Amino acid sequence: MKLNKNHIILLVAFLSVTSCKVTDAYQKPAAKTENIYRTDRPAEDSTSIANLSWKELFTDAQLQNLIQEGLNNNTDIKNAILKISESQASLTQAKLGYYPTLDGSFQVTHSKQSAKSLNLGGLSNQINLKTTTYQLGLSASWEADIWGKIGSLKRKALANYLESEAAQRAVQTQLISSIATYYYQLLSLDKQLEITEETIENRTKDVETMRALKESAVVTGAAVVQSQANKFSAEVSVPDLKKQIRETENALSVLLGRTPGKIERGSLDDQTSVGSISTGVSSDLLKRRPDIQQAELQFRSAFEDVNVAKANFYPSLTLTAEGGFASLKLKDFFNQSVFYNLIGGLAQPIFSQGKNKASLAIAKAQKEAAYNTYQQTILNAGQEVSDALFSYENALEKQKIRTEQLVYLNKSVEFTKELLRFTSNTNYTDVLTSEQSLLAARLNGISDKLQELQAIVDLYIALGGGLY
């Protein structure tokens, strides 16, 4: 349908006045914001360890260097940054939907027709009519966003862009957590190896002591054999510990974006406590945690998909303008005819085999699923904070008890050895039992410390820290 300028203005004005609003304005989805996580502590203010930067929380200089190296070189981080660039390009593309498209063309048409085909009466069929036409033109097309579809597509692209940024922060958060976890595991394994090697030295001395006591008829040969077996039981765990250390170093190296190799590190004894743990207000999780932000933005994207699906039921108005020059002779190109036309097209979907209805049903279902995912992400976040907080408090309680246990186990080893040397009121089995209990308690003490450090990492990440 060809329209002049006045027709176009009247059509646009009519549609603007008579059209009803098809798309819905986005509203943040309802979510529980109070008491998201479980704690026995009294209500606190907004102070939280999540407000600290990771450099403030992880004060070990070598761990800081490793985290920074990972943030610079990890491939998952690089891919997340590329995803942001991709989403940014899509957002730019969606914004351009408001503007008309402009195309230029240059065309040369050469035609040939015979006299017979032209019905020129008695003229010979050998007479041919040849024409060459030169045409230079510009064409522009613009779709009016009457029903808000283009606006919804732009808002969807914006949500996808912001979601990619949140996803990048989530990857960064997880990377910090993984590097710290592997680092503390290495320190724990180093300490286990140190205690085991120290135990082997002590048990080697015990073997010599038992041999001397046997010669003095204080113990029997059984005690000597038992002491040797006791030493070997400690030695056999060394290869496994070294294997775990090597594998953990390799895994951490890959996280850092380097080939497997040795990891420079401190010691478990050098790790200082963070002091008071504060979790802040539970509703802050919705502001801090990138996975919650990501889930909400996915819901927003699905919300705009529903708007687009609704708009597809209504007519679209497209305006097309063309103009340029046309000539039979190239030298007279700009002195010949000028052509132009303005076309307004109104397309109303009538029969599409139920595709629009199906698309709307799919979009609504995906929107509902995105909302459920958002709610579940909040619940999962609350559980993670609750578990990490209790694990931290539990680790501190165990360390306090373990300290007392180690004092008495050390005394037990000393007393049984003294009794064995100077009296007949005990035997080597008692010494063996007390030594094994002491070793187990020392190794468990390492696990207690590792639990504390790991709980701090988990709590920091669960609260949405690590984003600076």
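The values are calculated or read from the model by the stated rules, or taken from the named source; none is laboratory data. Remember, it's a predicted structure, so these values are computed and weren't measured experimentally. Cβ sites come from the backbone with ideal geometry, for glycine too, and all protein chains shown count toward neighbours. Heads up: the accessible areas ignore ligands, DNA and RNA and are worked out on the full protein's heavy atoms, side chains in. Shrake-Rupley method; radii C 1.70, N 1.55, O 1.52, S 1.80 Å.
Filter the stretch 291-300 down to the residues that are open to solvent by 10 Å² or more (accessible area, probe 1.4 Å) and either among the small types (Gly, Ala, Ser) or closer than 30 Å to Asn394 by Cα (or both) and list them by number.
If the condition is that a residue be open to solvent by 10 Å² or more (accessible area, probe 1.4 Å) and either among the small types (Gly, Ala, Ser) or closer than 30 Å to Asn394 by Cα (or both), then Asp291 is the only one that fits.
Here Val225 clears all of (1) assigned to a helix (DSSP H, G or I); (2) farther than 20 Å from Ser177 by Cα; (3) touching a residue at least 40 places away in the same chain (Cβ under 8 Å) except the condition numbered (3).
Cβ separations smaller than 7 Å between residues 6+ apart or across chains give the following pairs from the stretch 177-196 residues that are over 14 Å from Leu57 (Cβ atoms) to residues that are among the acidic types (Asp, Glu) and open to solvent by 10 Å² or more (accessible area, probe 1.4 Å): Leu186/Glu249. For the stretch 235-256, the set of residues classified as touching a Lys or Arg at 6+ places or on another chain (Cβ under 9 Å) and open to solvent by less than 50 Å² (accessible area, probe 1.4 Å) consists of Glu249, Ser253, listed by residue number.
For the stretch 183-234, give me each residue that is aromatic (Phe, Trp, Tyr), buried (at least 19 other Cβ atoms within 10 Å of the Cβ) and over 16 Å from Leu443 (Cα atoms). Don't jump to the end; show me each part of the working.
Residues of the stretch 183-234 aromatic (Phe, Trp, Tyr): 183-184, 232.
From what is left, the residues that are buried (at least 19 other Cβ atoms within 10 Å of the Cβ) are 183-184.
Result: Tyr183, single match.
Restricting the first member to the stretch 375-400 and to residues that are closer than 10 Å to Leu459 by Cβ and at pLDDT below 90, and the second to residues that are of a type in the set (Lys, Arg) and open to solvent by less than 50 Å² (accessible area, probe 1.4 Å), no beta-carbon pair is closer than 8 Å while six or more apart or on different chains.
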